[in-house]
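Take a look at the structure below.
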Amino acid sequence: MLFPDYRPRRLRKNPAFRALIRETHLSPSQLIYPLFIMPGKNKREEISSMPGVFRVTVDQLGKEAKECLELGINGVILFGLPDKKDAMGSGAHKKDGIIQTAIKELKKCGPELLVITDVCLCEYTDHGHCGCLINKEVDNDATLEILAKTALSHAQAGADMVAPSDMMDGRVAEIRATLDENNFESIPIMSYSVKYASAFYGPFREAADCTPQFGDRRSYQMDPANSREALREAALDVDEGADILMVKPAVAYLDIITKLRDEFDLPIAAYHVSGEYAMIKAAAEKGWIDGDRVMAETLLSIKRAGADIIITYFAKDMARLLKEDL
Ligand code: PBG
């Protein structure tokens, strides 16, 4: 049908028509808010490269949970800053570690809020790599057992879902087996299936104090140039028992989200990462862009590309904006 018979502007002429034919919707129920938890009492520290995002102590979590639930946000993902780090990242699976304590506090204050945990060693190792080292190389198979122990300790503390972000081969299978052996067969795994070695993680590394002390993460995280490899990574995780597949970062990898959406029928999550957040915040602070509109358009683009779930530091801001629009 060609002009003048077909006029796309007919259905754009007022807000009611535009709403009637809108294809993609954002809902706070599919946003996940990341929380950084630090030792101490009664403290909130703003992260300088992520304005509006704070590291908080465990006693602040009740307030955080309440705020998320009031805004309709269904889940949080936790990152911990331990008081001590060592070569093996043993603080990651301590029974009374920072994350294990935080999980208990959150489940006490807001039991219906989903508590998801990031399973990785980089915040807990003194060298800042995501696994343990043998001859200055991150050793894949030696790391698997520590990751599985970490995931199990999170489940034992009451976590609703675990999310391995380390990029070791075989970790989903190892974690699944360990959870199942310990009667946690009903705890799902959201795997960071496709995680690129990205410069967009810069502000996060300041927030979680996990910059590698030497080298970089390119021997385990993916090369940004590759997309067929993303499908292989995701297929492995499906076979190993992942329940949700994640792509990270989000905006520079919208094509990858779409590819996974087309190829797999599992729910897809996308992590809108720290650098992506920081860029929008910085430009908005300078008055160069309308921060709220760019936020909404960006998150919408991630949904439109095919993500069901978005992990984002904007979760609360976006949920507030959605509420105002009603
Ligand atoms: C831990 C982890 C990282 C992020 C999430 N989990 C850092 C990294 O891999 O270097 C990044 C999140 C963000 O940038 O917002 N491995």
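The values are calculated or read from the model by the stated rules, or taken from the named source; none is laboratory data. Because the structure is a prediction, the values reported are computed rather than measured. Every residue, glycine among them, receives a Cβ derived from its backbone with ideal geometry; neighbour counts consider all protein chains shown. Note: accessible area is taken over every heavy atom of the protein model, side chains too, but ligands, DNA and RNA are not part of it. Shrake-Rupley method; radii C 1.70, N 1.55, O 1.52, S 1.80 Å.
Quick look at the numbers
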{"quantity": "All positions within the range 211-238 that are touching a residue at least 40 places away in the same chain (Cβ under 8 Å) and not small (Gly, Ala, Ser)", "calculated": "Thr211, Pro212, Gln213, Phe214, Arg217, Tyr220, Gln221, Met222, Glu233, Leu236, Asp237"}
{"quantity": "Selection from the range 116-147 of residues that are out of contact with any Cys (no Cβ under 8 Å at 6 or more places or on another chain) and more than 16 Å from the ligand (Cβ to nearest atom)", "calculated": "Ile134, Asn135, Lys136, Glu137, Asp141, Glu145"}
{"quantity": "Residue list for the range 134-152, restricted to those being part of a helix (DSSP H, G or I), touching a residue at least 24 places away in the same chain (Cβ under 8 Å) and open to solvent by 10 Å² or more (accessible area, probe 1.4 Å)", "calculated": "Asn140, Asp141, Leu144, Glu145, Ile146, Lys149, Leu152"}
{"quantity": "In the range 106-115, the residues that are under 16 Å from the mean Cα position of the chain (by Cα) and surrounded by fewer than 24 Cβ atoms within 10 Å (Cβ to Cβ)", "calculated": "Leu113, Leu114"}
{"quantity": "Unmet requirement for Ser301, which otherwise passes all of (1) within 28 Å of Arg261 (Cα to Cα); (2) open to solvent by 30 Å² or more (accessible area, probe 1.4 Å)", "calculated": "(2)"}
{"quantity": "Cβ pairs under 7 Å, 6+ apart, first in the range 51-65 and touching a residue at least 24 places away in the same chain (Cβ under 8 Å), second among the β-branched types (Val, Ile, Thr)", "calculated": "Val53/Ile47; Arg55/Ile47; Val58/Ile37; Val58/Thr101; Glu64/Val56"}
{"quantity": "Filter result (more than 16 Å from the ligand (Cβ to nearest atom) and not basic (Lys, Arg)) within the range 98-114", "calculated": "Gln100, Thr101, Ile103, Glu105, Leu106, Cys109, Gly110, Pro111, Glu112, Leu113, Leu114"}
